[in-house]
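Below: one structure, written as structure tokens.
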Amino acid sequence: MSIAATQNRGFGATLWDYLTTVDHKKIGNMYIAAGAFFFLIGGLEALIIRIQLIKPENDFITAGLYNEMITMHGTTMIFFAATPILIGFMNAIMPLQIGARDVAFPFLNALGFWLFLFGGILLNLSWIFGGAPDAGWTSYAPLSLQSPGHGVDFYVMGLQLSGAGTLMGGINFIVTIVTMRAPGMTYMRMPLFSWTTFVTSILILFAFPALTVGLFLLMFDRMFGSAFFDVALGGNAIIWQHLFWIFGHPEVYILILPAFGIFSEIIPAFSKKRLFGYTSMVFATFLIAFLGFMVWAHHMFTVGLGPVANAIFAVATMAIAVPTGIKIFNWLATMWGGSITINSAMLWALAFIPSFTIGGMTGVMLGAASADYQYHDTYFVVAHFHYVIVGGVVFGIFAATHYWYPKLFGRILNEGMGKLAFWLFFIGFHLTFFIQHFLGLMGMPRRYWVFLEGQGLDTGNLISTLGAFLMGLGTIVVLINVIYTAVKGEKAPADPWDARTLEWSIPSPPPEYNFKKLPLVRGLDPLWIEKTEGKGKMTAAEPAVDIHMPNGSIFPFIMTIGFFIASLGFIFQVDNHLWLLAVYFGMALALGTMLARSLKDDHGHHIHKEELEREAD
Amino acid sequence: MNNDNMNIDKINSFQKQQNKEEMKKQIITFVLMIAFTVVAFAVVASGLEAIYAVPLILILAVVQVGFQFYYFMHMKDEGHEVPSSLIFGGIWVAVLTILTMTTIIWW
Amino acid sequence: MSQDHSLNPETMPHDPAKATTEGKHKFFGLWFFLGGETVLFACFFGTFIALRNSTAGGPTSQELFGLELVFLMTILLLTSSLTSVYAIYHMKNNDFKKMQLWFGITALLGIGFLACELYEFAHYITEYGFTFRSSAFGSSFYTLVGFHGGHVVFGLSWLIALMVRNAKRGLNLYNAPKYNTFSLYWHFIDVVWVFIFTVVYLMGMVS
């Protein structure tokens, strides 16, 4: 039970511990590790795409494989790299920031993680089961209905599994923030990262059901012969586009808002100043979320929805630039006159501001519906969304890695390697994508396997590919840094950055119960308040008490295995009805486990206060 | 075994009275809901023209669902501020979705 | 354990479903889940409305639907909503036996509803040859109404598991929140049905 006993254990015991854990920090770490793994796979796919495009009419890979590469690159990066890594940080950090001992539903948290992981594994299994999905990450019908083999089926089931997991995570975070804030932690005292977690979770709650429905319709059409997108029987393919983008556009805010939160933590911490315009930051976050639901059709300007619809969605799209601009100016004003420390985390934050602003500007350009007819489906769009997603989200992830690594793992990442990785990646990123704006304006369409010689596209593509390799190098340096730090890294104190929020008031890494006594929060940046008043540590809001902890459970893992088997059954029952047995077995396993879970009394356990006091020594 | 019957006596009689009055309101709610349903079916059975009938039955449905949420599900009670704001958020997205599917899907 | 004792106090608090931390979490969690479910069903409704006239030469909604059965189903489900309100009323009065009784009636009404629905689907398939694969209208009809029916099946399984599990344990602070979240979920199923009978059946009958 005590921490000393958990050290020096065999591999089997550690594995079992992670399979059954309901601790939000361990689950967060697993999210980050699994997301990083998928990030590497997605990065590899990106490099293969860029190698294919290094010269005109290249034949490095076949056209079919190229389609699979672009589909898997997009799907992996969005659903299985960026989203889970961010959810990992939310999981690990948000409860610490609001002064909670865990999330509201620890069991559901574990289930959400395993569903995501096995969704990702299922999707990637398609490589060995006769070909990956090849209809693009958007899988537009009717293309996705015509796609032969099982590729798109794996896409459907993989996303369905991981989507369910993400939805559970979202609900969990909202309940945690509503009910589990520490005494004195009012809503308007919450750190910005917790705020963006809250708003992001709301977006997840309302956006993912649309994806769920879209995937169901696609699944029924492909596997059970229904006619939603089959024009011969009266179906309508535009429904897929709407459902996908009703989900898809909020999804990009699901990615960027947590990154905004991360920068809103890092910039004040390393400027030694309170975040400028805290209230307006919160307001802008909500405004982005609200507007984010009313702009999805800007992905569909060229579909032919009519001038009225295009005009409405164009105006709404450009309106989003306003709250985003508020945020950019607030970050700049936070740094103004601050005592700025430039380290790896801060470098990523500084690089984010101009990079993301470029992406935002091209976003407004794309939002002009009439001009969009020119940009649509060219490399201009590719450049735009890589500027916002890499320049915003990936920079945010790297910044958060440097900033919170000491808190999560108890060691500080090496600064020299951190800076080297930053410069490699930063230069590589702009080399890769800046030139793509011009390639797009010159008419190079996206998703094409080859381009022709002598059309002025050769040099641009070569530069872009070289940049991609620099980004790859940067990522490798980050990996080496993580391994090096695990072996020889400097041990982290509780508060290595002299930071402002609650997570820095407890040891690194935090004990399983996080806070021995719940802290009393007296304002925004609670730790900083105590520091300026000379105390330097939080006042307890309660006497020493027994701490109630949830029990670990293997059930989430078994449930996920059940759904995983059922998904394979759904995919292959098209060929052979015997696979329906896998569907029945998998569902029985999953639902049976659910039943077992609800029949069992599980009151959790207590860590007694005597034990806590012993550990303090 | 739980000693239910003993516990009943121990419940504050004021509380019991309140529960009872609450239950009266619920029954009124139920009667109204059934009435709305009957009216909606009657409107359709009478063969009223679509241009009048459709808005009418839609309004009846919305009102009936309002009763369901506010009384049966207690959204009118204290402590339901956050849930109701999120339900309204969901309704907002739902309205946008349905509006889209009835207008801009390229018939 | 001290835990078990605190779950069976001498007198129940006024609202046992929200008296514990876990109870509060469940209460909020289910409400937020319903917010997501609203969007889920809106997408099914939207799809249905977009495709309801795409019959591809097959039977139309006017040819298929009859008011009587739908009215019966509506009354069954609405009444089951009221009976679950009664059950929660008895929960607040800490009368476990009456609560189980009213939840039992709720379950029976739910089963009656499902039976009607199965009869209805079988009727369409055998009499009219109207299936999931006939047309886009057929696909969207069976998907929307079927997902609602699936929710009813899940709700019934949930309720029966709860009732069997707790039959001998009686009401306590550990299971009261579970009954309460179930009843919220059940009301929501009713909400969805109100729109189904209005949009699918009644609007399908008028035009």
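Values quoted throughout were computed directly from the atomic coordinates according to the rules given, and no laboratory measurement underlies them. Here the structure is a predicted model, which means the values were calculated and not measured. When we count neighbours, we look across all protein chains shown, and the Cβ atoms used for this are built from the backbone with ideal geometry, even at glycine.
Straight-line reach from A:K516: taking Cα to Cα under 12 Å and skipping same-chain neighbours fewer than 8 places apart, the aspartates and glutamates in range are A:E542, A:D546, A:E610, A:E611, A:E613, A:E615. Could you pull out every one of the aspartates and glutamates with an alpha carbon less than 16 Å from that of C:K24, ignoring same-chain neighbours closer than 8 positions? Counting by Cα, and skipping residues close in sequence, C:K24 has these aspartates and glutamates nearby: A:D102, B:D77, B:E78, B:E81, C:D15.
Placing +1 on the Cβ of every Lys and Arg and -1 on the Cβ of every Asp and Glu, with no other charges, gives chain B a dipole of roughly 140 debye about its Cα centre.
Nearest 0.05, what FRET efficiency do A:L332 and A:L452 give at R0 = 41 Å with Cβ-Cβ as r? About 0.40, to the nearest 0.05.
Label positions at A:T341 and A:L599, each projected 7 Å from the Cα along the C-beta direction, are separated by 5.6 nm. Karplus-derived 3J(HN,Hα) values for segment A:91-105, using 6.51 cos²θ - 1.76 cosθ + 1.60 with θ = phi - 60°, are 4, 6, 9, 3, x, 5, 6, 9, x, 10, 8, 6, 8, 5, 10 Hz; glycine and proline are entered as x.
Overall form of chain A: oblate. Here a/c, set by the Cα gyration tensor axes a ≥ b ≥ c, is 1.5 or more, and a/b is not larger than b/c. Near the amide H of A:R411, within less than 5 Å, lie the amide hydrogens of A:A492, all on another chain or at least 5 residues away, with H placed in the peptide plane.
For A:K273, a cut-off of 16 angstrom between C-alpha atoms picks up these aspartates and glutamates, skipping any fewer than 8 places away in its own chain: A:E265, A:D498, A:D525, A:E530, A:E533. Could you work out the longest stretch of chain A that avoids the GluC sites (Glu not before Pro) located in DSSP loops with at most 12 other Cβ atoms within 10 Å? The answer is A:58-452. For A:D230, the residues 5 or more places off, or on other chains, whose built amide H falls under 5 Å of its own are A:G235, A:N236. The amide H of B:M75, built 1.01 Å from its N in the peptide plane, has B:Y70 as neighbours under 5 Å, considering only residues 5 or more places off or on other chains. Available extension along the chain between A:A368 and A:I561 is 64.8 nm, counting 0.36 nm per residue and deducting the alpha carbon span. Neighbour counts of C-beta atoms inside 10 Å place A:H299, A:H376 in the sequence A:H376, A:H299, starting with the fewest.
Under 14 Å from a point 7 Å along the Cα-to-Cβ line of A:F224: which residues of segment C:141-160 have their amide N that close? Answer for segment C:141-160: C:141-151. Dipole magnitude for the protein assembly as shown: about 1640 debye, using +1 per Lys or Arg Cβ and -1 per Asp or Glu Cβ, origin at the Cα centre. Among the listed pairs A:K25/A:K491; B:K16/C:K26; A:K517/C:K26; A:K26/A:K531; B:K25/C:K98; A:K407/A:K488, those whose Cα-Cα separation exceeds 27 Å are A:K26/A:K531.
What does the extension gain come out to for C:R133 and C:I160, with contour length at 0.36 nm per residue minus their alpha carbon separation? It would help to have the intermediate numbers written out before the result.
Numbers: separation 27, 0.36 × 27 = 9.72 nm, distance 3.34 nm.
In short, 6.4 nm is gained.
Here the sum of -39500 (n - 2.57) over DSSP H runs of 4 or more residues, divided by the residues of the protein assembly as shown, equals -23000 deg cm²/dmol at 222 nm, to the nearest 500.
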